[in-house]
Amino acid sequence: MIRTLIHGAGRMAREVLVQLQETGGFRLIGVVARTQPGDVDAQWYPSLEACKADVDLLIDFTLPGGTRMAAEWCADNGVALLSGTTGLSPEDSEALTRAAAKVPVLWAPNLSYGVALMTALVRQAAATLGVSANVSIADIHHQHKIDTPSGTALALGVAVTEGLAQNRPADDAYKLAYSSVREGEVVGEHTVRFELPSEVIELRHQALDRAVFAKGALKAGAWLVEQPTGNYSTSEWLGLGP
Ligand SMILES: NC(=O)c1ccc[n+]([C@@H]2O[C@H](COP(=O)([O-])OP(=O)(O)OC[C@H]3O[C@@H](n4cnc5c(N)ncnc54)[C@H](OP(=O)(O)O)[C@@H]3O)[C@@H](O)[C@H]2O)c1
């Protein structure tokens, strides 16, 4: 049984709780949240330091700042860290890198299998088309989402840049265009558009339910606790290449 602690008590952390209770192989140690969530049926800890139980895996869905504390706590306590928090600052990312020298760490802005696959396809399309295509990346999310563009849109942008570099490095004038819409309760939609002189290719992913990320977090977490110390990506977890 993977002794699992959940960091955060927002929309995603609650979805992880629901899925964890329906998934075998995990033992819930509790939920860490700054204020006690009234409607969560789990042991509550007001801080990571307040948890003295043995933990194998910390699942972090907080906001920037929270992830940095999670990285430091996991490194100090020998706990694997699976984080899905987006909008991280360079300092937060550095904390994840430091933690990865001591424990297994997987940070991903999107934990759905579909987006991991789409990222690999986007990289391949960019490598094939090269700078002949104008690329734009659009994301649509619910009105509560803070970071813009989304972490997933930025990661898709990195895949485009990596793909282009395999073909011919883009010159400095090459710019990716991002656009974001925040409306209603949209779970998450991403479109990467490759515009050629007389044709257009679009790769699009639509998450229909937050459960897809929570299920992904648990599957990735179960994989992560078996890995040696290091920094992992969803591509490595799913065997989709670099
Ligand atoms: N990787 C993926 O697949 C994926 C999918 C969906 C969303 N996300 C990302 O996951 C994150 C959480 O999303 P959400 O919709 O669950 O957000 P949310 O509903 O706003 O919940 C955020 C939670 O983080 C806590 N928190 C904020 N700052 C903190 C800090 N400094 N220390 C400790 N806890 C802190 C909040 O507690 P308080 O109430 O005390 O502030 C709250 O419990 C976002 O970055 C979102 O973009 C990732």
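Under 5 Å between amide H atoms, partner at least 5 residues away or on a different chain: which partners does V103 have, H built in plane at 1.01 Å?
G230
Given axes a ≥ b ≥ c from the Cα gyration tensor, I'd like to know whether the range 1-116 is rounded (a/c under 1.5), prolate (a/b larger than b/c) or oblate.
Cα axes put the range 1-116 in the rounded bin.
For the Cα atoms of the chain, what angle does the longest principal axis make with the long axis of helix 66-77, in degrees from 0 to 90, nearest 10?
Value to nearest ten degrees: 60.
Note down the magnitude of the dipole of the range 1-122 about its Cα centre, charges +1 on Lys and Arg C-beta and -1 on Asp and Glu C-beta and zero elsewhere, to the nearest 20 debye.
60
What distance in nm separates the simple spin-label points at A177 and L117, each placed 7 Å from Cα in the Cβ direction?
2.9
Please compute the length gained on full extension between T148 and Q166, using 0.36 nm multiplied by the number of residues separating them and subtracting their Cα-Cα distance.
3.7 nm
Only Cα pairs under 8 Å and at least 6 apart count here; give the relative contact order of the chain as a rounded whole percent.
Relative contact order comes out at 21 percent.
Cα gyration tensor of the range 149-242, axes a ≥ b ≥ c as square roots of the eigenvalues: rounded (a/c below 1.5), prolate (a/b > b/c) or oblate?
Because a/c hits 1.5 or more and a/b fails to exceed b/c, the range 149-242 counts as oblate.
What number does the chain give for Rg over Rh if you use C-alpha atoms and the Kirkwood radius?
0.99
How big is the dipole moment of the chain about its Cα centre under a simple scheme where the beta carbon of each Lys and Arg is +1, that of each Asp and Glu is -1, and everything else is neutral? Debye, nearest 20, please.
Here the size comes out at about 200 debye.
Treat each spin label as a single point 7 Å out from the Cα along the C-beta direction, and report the D54 to V225 distance in nm.
1.1
To the nearest 10 degrees, how steeply does helix 11-21 sit against the main Cα axis of the chain, on a 0 to 90 scale?
60
Consider a paramagnetic label point 7 Å from the Cα of T23 along Cα→Cβ; state which residues of the range 192-233 have an amide N under 12 Å from it.
Correct set: 211-225.
Since every read-out is calculated from the coordinates, none of them should be taken as a lab result. Here the structure is a predicted model, which is why all the values come from computation and not from measurement. Backbone-built Cβ (ideal geometry, glycine too); neighbour counts: all protein chains shown.
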